Amino acid sequence: MLSRREFLKICANLSAAVCGSNMLVNNIAHGMMKLTDHEKPEVVFLQGQACSGCTMSMMYGNESSFVDFITRIIKLQVHPSLSFSDGEDYFERLNRAVDKGGYILVVEGSVPMKMKKACMIAGLPLGDILEEVIRRSKAVVMSGTCSANGGIPASGRNEVGAVSVEKYMEMKRLIKPYIKIAGCPSHPDRLMGTVAYMASMNKIPKKTEEKTPALYYEELIHNRCSRFQYFSQDIYLKDFEKEKHTCLLKKGCRGTITKSDCPTRRWNGSVNVCIESNTPCVGCINPSWPFKKDIYLDADSVEDIPWAVLKEKVRAD
Ligand code: SF4
Ligand code: SF4
């Protein structure tokens, strides 16, 4: 049995994960107390064309504890990487959950619709079984950019016809509440915080235009970047070896067109974030990622162009 102090600590951690502060502690505590009276939400994980990076990221955690998440907040029904069951055994557990229905479905990865055998579960193409799994769910959480927007599998020539789960739902005319946790990988706080919010509030959090949770994805990275002062003085990094703090725009940074709280939330136990390790943001959260031409803005094309002009170019590229 948890003490009141332990219980409030979990709620405070969750609130920090959801909105980066303790401001939702009371709401979440109230929601969680209801959860102890009734059933915790059942959660089903499914993996499509993905690298498992989103699951690894979730397990690593940041502000949020993965163990608290799966033991105190949700009732984990089945996960292809975390369950001991695999193949037909996994499929049997999945089918049991689907028969019961009413679960929160978390999908990682995209769905191949042209070459369906490119992603199989227990001998069946994902594209054939996903429809029923979505239909029987209460809500869908698209974890990671592949699931949310197609990502790497849907880029380039896309021989297998990979589509995002959102596109799949559109193709199959599936109407369900859904939310996208874009990112390559999805950030542990954003994924577990969103599911925890859904568990405690019994609704999907407020969404941005891109269908991501507004709590995490409302503001441009650029606006909160620690290098913004250099950008505003037109001081751009030229030599990675010699400069460690100046603006990375002319090295192809896509923080100017990507909305997320990466600069403040940070990664790997809040140790760092791409830009602070002197790496331009590749915009892995951006709906257009990994972009048509190059993962970074083309350095030659942005050199010596004033920001007012470049802004339009960056949007169109
Ligand atoms: S262009 Fe990139 S490095 Fe420069 S201020 Fe904006 S987000 Fe930061
Ligand atoms: S800073 Fe950019 S590349 Fe790095 S995780 Fe955030 S959106 Fe992705």
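The values are calculated or read from the model by the stated rules, or taken from the named source; none is laboratory data. All values reported here derive from a predicted model rather than from experimental measurement. Virtual Cβ from ideal backbone geometry, glycine too; neighbours counted across all protein chains shown. Ligands, DNA and RNA are excluded from the accessible area calculation, which covers all protein heavy atoms including side chains. Shrake-Rupley method; radii C 1.70, N 1.55, O 1.52, S 1.80 Å.
To one decimal place, what Kirkwood hydrodynamic radius in Å is obtained for the stretch 106-252 from all pairs of distinct Cα atoms?
Taking the inverse mean of 1/r over all distinct Cα pairs, the stretch 106-252 comes out at 17.4 Å.
Accessible area per residue for the stretch 169-309 in Å², computed with a 1.4 Å probe and the full protein assembly in place, what is it?
In whole numbers, the stretch 169-309 has 49 Å² accessible per residue.
First select every other residue whose beta carbon is under 15 angstrom from the beta carbon of S270; then total the charges, Lys and Arg +1, Asp and Glu -1.
Here the charged neighbours net out to 0.
A 21 angstrom limit on the alpha carbon distance is what I want to check against. Which of K250/K292; K180/K250; K114/K167; K40/K211; K211/K250; K117/K167 exceed it?
Correct reply: K180/K250; K40/K211; K211/K250.
Using the Cα gyration tensor of the stretch 137-183, with a ≥ b ≥ c the square roots of its eigenvalues, what is the shape: rounded (a/c below 1.5), prolate (a/b larger than b/c) or oblate (neither)?
Oblate is the answer for the stretch 137-183, as a/c is 1.5 or above yet b/c matches or exceeds a/b.
Tell me, what is the 1.4 Å probe accessible area of C184, in Å² to the nearest 10?
Estimated to the nearest 10 Å², C184 gives 60 Å².
Suppose every Lys and Arg Cβ carries +1 and every Asp and Glu Cβ carries -1, with no other charges. What dipole size does the stretch 206-250 come out with about its Cα centre, to the nearest 20 debye?
My answer is approximately 100 debye.
State the extension gain, in nm to one decimal, for the chain segment bounded by S270 and N223, taking 0.36 nm per residue of separation less the distance between their alpha-carbons.
Value of the extension gain: 15.0 nm.
Between M171 and F84, what's the calculated FRET efficiency when r is the beta-carbon distance and R0 is 45 Å? Round to 0.05.
Calculated transfer efficiency: 0.85.
Dipole of the stretch 237-278 (Lys/Arg Cβ +1, Asp/Glu Cβ -1, origin at the Cα centre): which of F240, T256, W267 lies farthest to the positive side?
Towards the positive end, the residue furthest out is T256.
Between beta-carbons, use under 11 Å as the cut-off and find the net charge around R190, counting Lys and Arg +1, Asp and Glu -1.
Net charge around R190: -1.
Tell me which residues come under 5 Å, amide H to amide H, from I121 once H is placed; ignore anything under 5 positions away on its chain.
Under 5 Å from the amide H of I121 lie the amide H atoms of L126, each far enough along the sequence or on another chain.
So, in Å, what gap is there between the alpha-carbon centers of the stretch 189-226 and the stretch 114-188?
Cα centroid to Cα centroid, the span is 20 Å.
Could you tell me the calculated FRET efficiency between Q233 and D294, based on Cβ-Cβ distance and R0 = 25 angstrom, to the nearest 0.05?
After rounding to 0.05, the efficiency reads 0.40.
Obtain the nm distance between the two label points defined at N202 and R93 by a simple spin-label model: each point lies 7 Å from its Cα along the Cα-to-C-beta direction.
Once both label points are built, they end up 2.8 nm from each other.
Bin width 10 Å, origin at 0, all Cα-Cα pairs of the stretch 83-159: what percent of pairs per bin?
Distribution as computed: 18, 47, 31, 4 percent.
For the stretch 181-267, rounded, prolate or oblate, judged on the Cα gyration tensor with a ≥ b ≥ c (square roots of eigenvalues), a/c < 1.5 rounded, else prolate if a/b > b/c?
prolate
What percent does the relative contact order of the stretch 196-279 come to when contacts are Cα pairs within less than 8 Å and at least six residues apart?
28 percent
Between E209 and H245, how high is the FRET efficiency from 1/(1 + (r/R0)^6) when r is the Cβ-Cβ distance and R₀ = 30 Å? Nearest 0.05.
Calculated value: 0.40.
Determine the share of the stretch 183-236's accessible area contributed by carbon and sulfur atoms, expressed in whole percent, with a 1.4 angstrom probe.
For the stretch 183-236, the apolar C and S fraction of the accessible surface comes to 46 percent.
Show F291, F228, F84 ordered by accessible area, largest first, where the area counts protein heavy atoms only and the probe is 1.4 Å.
Per-residue accessible area, sorted high to low, gives F84, F228, F291.
Sequence gap at least 6, Cα distance under 8 Å: using those rules, report the relative contact order of the stretch 148-265 to the nearest whole percent.
Reported relative contact order: 19 percent.
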